[in-house]
Structure formats: C-alpha cells, structure tokens
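What follows is one structure encoded as structure tokens, with my remarks underneath.
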Amino acid sequence: MFLIRRIHDDVLPVNQEAIRQVQVILRSHFSAVHPDEIEGLAAKLCNPFKQRFRSVLLVGERSRGRVAGFAFLMHEPELRFCYLDFIASAKDMTGRGIGGALYYHVRQEAIALDVRGLFFECLPDDPDECDDAGMFRENVARLKFYERFGARPIAGTEYQKPIKPGDRGMPFLMFDALDDGQPLARDFARKVVRAILERKYGRICSPRYINQVVESFCDEPLDLRPPRYVHSPRPVKSANVRRFDAIAMVVNEKHDIHHVRERGYVESPVRISAIRSELEPTGLFETIAPRHYSERHIKDVHAPDFVEYLRKACANVPPGKSVYPYVFPIRNAARRPRELSVRAGYYCIDTFTPLNPNAYLAAKRAVDCTLTVADEILRGRRLAYALVRPPGHHAERRAFGGFCYFNNAAIAAHYLSKYGKVAMIDVDYHHGNGQENIFYERSDVLTVSIHGHPNFAYPYFTGFADQRGAGAGEGFNLNLPLAEVVRGDQYREALRKALKAVHRFGPDLLVVCLGLDTAKGDPTGTWPLTPKDFEANGRMLGELYKPTLVVQEGGYRTRTLGVNARHFFTGLVAGAHGR
C-alpha cells in the first residue's frame, strides 16, 4: 500500500525527512540538474514568488515514511497551467506502479486547480537522438506510459531546438488536456512556453533563443503528435494507493456519557451527530480512531491540583446526579473547604457547569481525540479536526466553566509548540478566556479571539481589547470584541485584522477554536452569520496556508450546526489548496 501525500513546507520533522529522501532520488535520477536546484527544493515550497510558480510536491510513501517516489508540480495561477517538473521512483521501486499512481494524482491535483492543461518534458523516442539503446527503450516506455493518459508531444514546433551547437536528445514538450477535450490554443501555448523557458531555463537560454522557440508555435490550434503506442487512452488509478489529503477527523465517541438532562442545558450530545451527519457525505474527511494519551499532557497545561480535584470530585458524585458550584472564594481563596462538592466553586468560574460521574471521563477522552489529530498534523497531515464535546476554550489553567473542563485546543497547542510557533484563533461567539489565561505570559503561542464584547457576552470579565499579554507574552494576546449585532462582512473585517496579526507573528502551525454559535438563531449568541459567511471565513483561514488543527467549541442551534460546519470546512479546504 502506497500513501500519496502533499508536502507543503519543511516545518515538521516528517516533512524534512521526506524532502531529504526526494533530494536523494533527484540526485540519482537527474544528474544534469544543478545542485543548487536540488538543495533549494524546500525554498521553492515555502517561497512561491522566487520562481513565480506555486510548487506542489507529492510523495508516495511506503511504511515508516520511506519515500518510494515523488512528483514535483509547478502551478501558474494567472496563466492557468501546471508544469510537471519532475516525476520519479526510487531506484528499487521502478516497475511497481508508483509512477502511474503519482501521475494519476498529479492530474487530479491539476484538475482541482482548474488549469487549462498540464505540460511537461519527455526525452525523444527517436533512435537518431539517443545513442544508448537502454535509454532509448526507457524513452519509448515513458512516452507509451503517458499516451495511456492522453498526453502526447506538441508537434510542429522548435521546442527541441538545440541551445548550443551539437546538443542532441532535446526533450519534447508534452501536453495533457486533462480529459477536457479542448484543442491547444496557440496564444495560450506561447505564454506557457515563454513562462517555462524564462523561469526555469532563463540562466541557460538567451532571450533570442526563447523568442525563436515561442514564435515557432504558430499553428491554430496546435497539433499533437498522433498516438504511436496507445490508441485508446484510459487512465488507471492503482488500487494500492490512498491520498493523505483528506481532513483527519477524530470524534469523541464517548461524548454522550456526559449528558446533562436539566432543562435549558444546551451542550447536548445531539450536537455531535448534527455536525457529523453533514460532514461525512462530503468526502472531505477521513475518520481516525482516537488514541489514549497520558494525563501528564493535561497537567502540562492545567494545574495538577485542579486536574486531581476534577477527577476525584467527579468520581465522588452519585450516579445520575450533578453538582453545581454555588459558593465562590471572594475572600480567603487560599483556604479550600474539605467537602469536594463545596470546593467546586474554588475551581469554577460560573454556576451552570456541573460535575457529574462522567464529566471527567468525557473531558479526558476529548483531550485524547484532540491530541490524536495533533499527531496527524505531525505526521504530515495538512488539516485535522477534533469533533469533541465537552468543549474546552473556557477552561483556564486552574478553573473550569462555560461547559468546559479541560482546554482541548490549548493542550494541543502546547503539544505542537515543541515543533514550532503556534497561533490560536478562536472564532467562537464567546471569548477564549481559557487559552488567554494559559498562554498569557508566553511568546511562542499567539492567542487571538474574535467574540462578543464582555459588556454583554459570557464570560463578562475577560476579552477586553487592552488585555494584550504580560511579561514575555506581552503583545502575544489579541482580543477583538465586537458589537451585539454584527453582519457577515463586519465579522470578516475583524477576521482580517486577526489574520494580519497572525501573519506578523509568522507561525508554523495553526489551531482554530471553531465556535458555530456565531450563527443566526443560536440560543447563546446574537449574530446572524449564514452558511455563506462560514464558508468565506473558512476560506480566509485556509489561505493562511499553515498546517491547521480545528477543535470544536460552541454552537447550539442543532438545526443548522451541520450545514454551517460543512460550509466552513468547504471554504477551509478551498483556501488551503488555493482553489
């Protein structure tokens, strides 16, 4: 089984190792490639402006991250074409289907990018141009392979014109219409050829040479060489290959053990099924089973005495009962009462978040789910989603509240922070006081929250614009409190401010606290955001172009929860892939 995944950058160790293996394959297969080009592979991924192409690196991996082959695709969004720069298998993997699987997925990537065609070079199948019999056979096999997909050399041009006298074996320029059926227009082809020669070969091709080659594309439309080897092209997808670009989704399958049945308690189990039923049919997600993680990951973020109290207090509540905090330590906070039920007020910020026998168990499982998808990000997954309840963004270092017990997103952000700078963006209607409290004095995690102003919105005592962090964390907390009524365009203006702050911070990884309670009709909010607004917001976040972990927070109007979540993720994927 091969795993095809896209490498976006060299931030994560797993991607650094994959790029290193790709460079080894490049050196072994393409001796004529300049060493600087091989060494600069990661820079091309991270800096699309250097070559004026967006680079797409697909790797085919076997078990334990061994790269069996790769394809390096360059996308020109303004001219709307893709150029396949390299495709190769590791030397011990030739003939095992990896080339076909990679090219199939290259085509799928190009089609998704909505280009007008895929171009690449292929050495000629002309014996007069190749003295080596073995290389000639390889060239024939390669052209036969591409004809299976409908790709053929462009005929009647001087693309094979020698750069200097005596050059032989100059490559064909191949064209794959990507099953579109449209002929290749001359003016479009000329722009493509000029872009390829100037941007890829500008250091060895003179302007005069480039002009001569471009002007040789003179037919309208251009012809492709008639098929020589395959007369009925039929692209075949290998059954032993799967893509790794689906959103990894982990669901807290034990969330429903935490069910508070009191009238008006809106944080109910139906929230998960309402979202899941809309997301799974989209084909955007791959459901991953949650793994177990040590409680120490929680204690890395939350005070150990708080974690121990929550576990013991929940275990102490009789089955079917709930304990609500009702006494709070305004004075003598250092002297905690002996009775666990009374002590709840010492660790809670409100009177409506109960302790019951299953609250700790469900909250711990939500953390397991969130760390599972965090590990998917570290394995190279670009997007991941923890569909969990209870939510977490109101849980502070030493306090629970707002339906939240452990801060799932903050625990994941701390876990990921070992691998680079992390930005957290909270788009819930309510202020993300939990992560603000946890990271308030840290500079390696930026916390941003867009929310209803605390003058009227929970949690009331936090979320003010002048709360910017303290000590080493000063300037690394941004609150954007908004009015009681906010239209979609006004919300996006605040989101743009948040994204500018994120750009300035320059994170390696992104954690999004997804609250769907900003939607029209939500019982805990006052804003009228629509599905189209959620899609636009998701696209803007995706365009940050960072490995992104989304953690479910609020959202309580179950009639529209799923639709809004679906639109958000549709936009997120489109933005993340530049579509």
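A short reminder: the numbers here are calculations on the coordinates, not readings from a lab. Source: prediction; values computed, not measured. Note that each Cβ is placed from the backbone with ideal geometry, even for glycine, and that neighbours are counted across all protein chains shown.
What FRET efficiency comes out for the pair LYS144/GLU220, r = Cβ-Cβ distance, R0 = 41 Å, nearest 0.05?
0.90
Set the Förster distance to 41 Å, then compute FRET efficiency between SER277 and ASP131 from the Cβ-Cβ distance, nearest 0.05.
According to the calculation, E is roughly 0.05.
What is the chain's relative contact order, in percent, from Cα pairs under 8 angstrom and six or more apart in sequence?
Computed over the chain, the figure is 11 percent.
Using a 10 Å cut-off around each Cβ, can you sort VAL24, VAL115, VAL301, VAL367 from fewest to most neighbouring Cβ atoms?
VAL24, VAL115, VAL301, VAL367
Considering the zone a paramagnetic label at THR287 would reach in this model (a point 7 Å from Cα along the Cα-to-Cβ line), which residues of the stretch 548-576 have amide N under 18 Å from it?
Under 18 Å, as judged by backbone N against the label point of THR287, lie 552, 562-563, 565-566 of the stretch 548-576.
Calculate, for ILE257 and TYR460, the FRET efficiency according to 1/(1 + (r/R0)^6) with r their C-beta to C-beta distance and R0 25 Å; round to the nearest 0.05.
0.25
Give the order of LEU478, LEU383, LEU222 when sorted by the count of other beta carbons within 10 angstrom, beginning with the fewest.
LEU222, LEU478, LEU383
Pairs of alpha-carbon atoms within less than 8 angstrom and 6+ residues apart define the contacts here; what relative contact order does the stretch 246-576 have, in percent?
That works out to 18 percent.
Which distance in nm do the two modelled labels at ARG62 and HIS231 give, with both placed 7 Å along the Cα-to-Cβ direction?
Label at ARG62, label at HIS231, 3.9 nm between them.
Under 5 Å between amide hydrogens, which residues at least 5 positions from ILE288 or on another chain qualify, with H placed 1.01 Å from N in the peptide plane?
MET249, VAL250, VAL251
Taking 7 Å along the Cα-to-C-beta vector as the label spot, tell me the ARG398-ALA574 distance in nanometres, rounded to one decimal.
Distance between the two pseudo-spin positions: 4.7 nm.
Given the -39500 (n - 2.57) contribution per DSSP H run of 4+ residues, what per-residue ellipticity at 222 nm results for the chain, rounded to the nearest 500 deg cm²/dmol?
Using -39500 (n - 2.57) per qualifying helix, the result is -11000 deg cm²/dmol.
Quick one: pull the percentage of alpha-carbon pairs in the stretch 382-449 with a separation above 16 Å.
43 percent
Length gain on complete extension for the stretch ARG52 to LEU361, per 0.36 nm per residue less the alpha carbon to alpha carbon distance?
106.1 nm
If each residue of separation counts as 0.36 nm, what is the full-extension length gain between SER322 and LYS497 once their alpha-carbon separation is subtracted?
58.8 nm
Kindly express, to the nearest 10 degrees and within the range 0 to 90, the angle between helix 488-505's C-alpha long axis and the longest C-alpha principal axis of the chain.
Taking Cα atoms only, the helix is inclined about 80 degrees.
To the nearest 10 degrees, how steep is helix 13-29 against the longest Cα principal axis of the chain, on a 0 to 90 scale?
Approximately 10 degrees, to the nearest ten.
Among PHE145, GLY471, PRO13, whose Cα lies farthest out toward the positive end of the dipole of the chain, if unit charges sit on the beta carbon of Lys, Arg (+1) and Asp, Glu (-1)?
GLY471
Relative to the present Cα-Cα distance, how much length would full extension add between ASP180 and ASP167 at 0.36 nm per residue of separation?
Stretched out fully, the ASP180 to ASP167 stretch lengthens by 1.2 nm.
List CYS205, CYS130 from most exposed to least, where exposure is judged by having the fewest other Cβ atoms within 10 Å.
CYS205, CYS130
For the chain, just the Cα atoms, rotate onto the principal axes and tell me the three extents in Å, largest first.
Principal-axis extents of the chain (Cα, largest first): 93, 45, 44 Å.
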